Structures are given as structure tokens and as C-alpha cells.
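Q: A single structure is presented below for examination.
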Amino acid sequence: MRSFRTDLHIHTVLSPCGDLEMSPARIVSLAIKHGLDIIGITDHNSTKQCELVWKLGKRLGLTVIPGCEMTSREEVHCLGLFEDFDALKEFQNFLDLHLTIIPNKPSLFGYQAVVDEDDYILEEQANYLGASLDVSVEEVEQKVHELSGIFIPAHIDRPRNSLYSQLGFFPPELKVDALQISKFANEKIVREKFNINSEITLVKFSDAHYPEDLGKTYTIFEMEEPTFTEIRKALLRKDERSVRIP
């Protein structure tokens, strides 16, 4: 097995709360500089910047997993990660269908720009991407898994926008591939506080919105190669694959 430094929760300039310096080119450059092997692009309720980051990463030997950070009807944040761009496109259609329509106000919420590899703005998203979808967290999970994706509730220990803060419990019918804890959280304390079964994998990612956040928080994936299939196996601890929080 080989060890891969992995951060599957990173925002670009497309996210309204993402810094304007979080361009695809800058993210790839910083990820490589800080020794990351695998990154996930997870903008709020949009996948439209993923393909460019993937292309730039491929040129330089960085594995990029396309995805999204969704906000459910209950205001639960969760990550969806996908193996191919056909699935990603279908999931974007799902997001477009279910996003609550609130016109974005850049002065209030922040800019939402899709940029090219030279950081030129190609388009701005008109509707606020930080709004919630009109579907439940269970429905979001079902759609992600219908498209053979990976589903991970985000920063579950936070006092807002987390599975436990919004619902107060772990829905027994919810099928997760892992649970993400925030960068300052302690794995043992979180497990005890929320009575999380030892069979559920916990991971820690940066949730980076600013360049200085990249490379500081990651999880080590022990697996054969940096592929989507191997990542899923590691999260589910199959075939001797595993993950560990440094």
C-alpha cells in the first residue's frame, strides 16, 4: 500500500464565500507545493469549476476528484464526489432543479465566478449558491449514490450547518461513506460526543476557502493508487485499504 495526502473539501472562487484568489490554477499550484496528492473540488451547490481544476491537475500529476458541497432542505452541508463527468453533469442538473432561487448580491454574499485557466471570468452565477436545496439530506444522499458517487456529511461537529446541529441525530436510513470532522476537532472526542459507531470512518479535510488554508489539513489514504475506486475502498476499509487522520 502507498500513502496519499488527501483533501477532498476545497472551494474555488465560484463559491460565494471563496476568496477571489482561489482560482483553479492557484489551487493546483498550492496543492502541489504543500505536498497534497489528491484534492476534491467542492463548491457550494455547483460543480461548474471542477473540470478545469481536473484538467490542470492532470497536467501536473495531481489527482482531482470532482464534486460539490450541497446544502439540504434542513441546512445540512454534505459532500458529493463523483468518478466521471457524465455523473457530474447529471448531478448539476439535479442541483439546478432544486436550488432555492435567491438572486445573488455580490456586495452581500460574495462573487460567484467561473474562471478560465488564466483567471479570466467566463461567467457569474446569478442565483445565490449558498442557498439550500428543496430536498432533504436523505434525498441528496440517494441521488449521489444513484450516480455511484461518494457521500460524506461535512464538518459534523460544527454548531451550525452540520448533520447533528440541524437534525439532532443521525438518521438510521442515511447511508454515508464517511463523516467529515472540522480541522480543529479531535476524532476520539467527536466519536464519544455523538456516539458514532466505530465502523463509520471519520476524515478531516481543510474546507479551504482561502489560499492559506490549503495543505494544512488532510487525511492519509492508504491504498494502491490515487483513483476514485481506491478512495471508496479506503473509506469503507475494504481489501486492506484504510484512512488515518495525522
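Derivation of every value follows stated rules applied to the coordinates shown; laboratory data play no part. Remember, it's a predicted structure, so these values are computed and weren't measured experimentally. When we count neighbours, we look across all protein chains shown, and the Cβ atoms used for this are built from the backbone with ideal geometry, even at glycine.
Q: Using the Karplus curve 6.51 cos²θ - 1.76 cosθ + 1.60 with θ = phi - 60°, what ³J(HN,Hα) values do you get for each residue of the stretch 193-199, in whole Hz, with x for Gly and Pro?
A: With the stated coefficients, the stretch 193-199 comes to 4, 9, 6, 7, 3, 5, 6 Hz.
Q: Rounded to the nearest 0.05, what FRET efficiency is calculated for Leu108 and Glu240 with R0 set to 45 Å and r the Cβ-Cβ distance? Intermediate results must be reported in sequence, preceding the final value.
A: Values: r = 49 Å, r/R0 = 1.10.
With a Förster radius of 45 Å, E is 0.35.
Q: List the aspartates and glutamates whose Cα sits under 13 Å from the Cα of Lys188, skipping any in the same chain fewer than 8 residues away.
A: The qualifying aspartates and glutamates are Asp157.
Q: Identify which of Glu187, Glu123, Glu75 has the largest mean-square fluctuation in a Gaussian network model of the chain, with springs joining Cα atoms closer than 10 Å.
A: Fluctuation is largest for Glu123.
Q: Where does the chain land at 222 nm, in deg cm²/dmol rounded to the nearest 500, when only DSSP H runs of n ≥ 4 count, each adding -39500 (n - 2.57), divided by all residues? Mind showing how you got there, number by number?
A: Numbers: 8 runs with 71 residues, N = 246.
When only DSSP H runs of four or more count, the value is -8000 deg cm²/dmol.
Q: Spelling out what I want: for every residue of the stretch 155-162, take phi, set θ = phi - 60°, compute 6.51 cos²θ - 1.76 cosθ + 1.60 (Karplus), and round to whole Hz; glycine and proline get x.
A: 5, 5, 8, 6, x, 8, 6, 10
Q: Still on this structure, I have one more. How high is the relative contact order of the chain, in percent, with contacts defined as C-alpha pairs under 8 Å that are six or more residues apart? The partial results should precede the final answer.
A: On the way: 571 pairs, mean separation 57.1, N = 246.
In percent, rounded to a whole number, it is 23.
Q: Kindly give Rg over Rh for the chain, based on alpha-carbon atoms, with the Kirkwood expression for the hydrodynamic radius.
A: Details: Rg = 16.6 Å, Rh = 17.8 Å.
Radius of gyration over Kirkwood radius for the chain works out to 0.93.
Q: Over the alpha-carbon set of the stretch 74-180, work out the extent along each principal axis and list the three values in angstrom, largest first.
A: 44, 32, 24 Å, listed from the longest principal axis down.
Q: Then there's this: Could you give the dipole magnitude of the stretch 193-246 about its Cα centre, charging the beta-carbon of Lys and Arg +1 and that of Asp and Glu -1, in debye to the nearest 20? Before the final figure, lay out the partial values.
A: Numbers: 9 positive and 10 negative charges, 53 e Å.
Using only the charged Cβ atoms, the result is roughly 260 debye.
Q: Where a Cα-Cα gap under 19 Å defines reach, which lysines qualify for Lys238, not counting those fewer than 8 residues away within the same chain?
A: Candidates past the 8-residue exclusion: Lys175.
Q: If contacts are Cα pairs under 8 angstrom and at least 6 residues apart, what is the relative contact order of the stretch 62-104 in percent? If you can, show how the numbers build up before the last one.
A: On the way: 30 pairs, mean separation 12.4, N = 43.
Dividing the mean separation by the residue count of the stretch 62-104 yields 29 percent.
Q: I've got another one for you. List the lysines whose Cα lies under 17 Å from the Cα of Lys193, skipping any in the same chain that are fewer than 8 positions away.
A: Result set, ordered by chain and number: Lys183, Lys204.
Q: Are there trypsin sites (Lys or Arg not before Pro) in the stretch 205-244 that DSSP puts in a loop and that have at most 15 other Cβ atoms within 10 Å, and which ones? Working shown, then result.
A: Working: sites: Lys216, Arg232, Lys233, Arg237, Lys238, Arg241, Arg244; in loops: Lys216, Arg237, Lys238, Arg241.
Here the trypsin sites (Lys or Arg not before Pro) that fit, given the DSSP loop and packing criteria, are Lys216, Arg237, Lys238.
Q: Can you give me the Cα centroid spacing of the stretch 126-155 and the stretch 158-198 in angstrom?
A: Taking the Cα centre of the stretch 158-198 as reference, the centre of the stretch 126-155 is 17 Å away.
Q: Still on this model: Among the chymotrypsin sites (Phe, Trp or Tyr not before Pro) within the stretch 92-192, which fall in a DSSP loop and have no more than 10 other Cβ atoms within 10 Å of their own Cβ?
A: Values: sites: Phe94, Phe109, Tyr111, Tyr120, Tyr128, Phe151, Tyr164, Phe169, Phe184; in loops: Tyr111, Tyr120, Tyr128, Phe169, Phe184.
Counting only loop positions with at most 10 other Cβ atoms within 10 Å, the chymotrypsin sites (Phe, Trp or Tyr not before Pro) in the stretch 92-192 are Tyr120, Phe169, Phe184.
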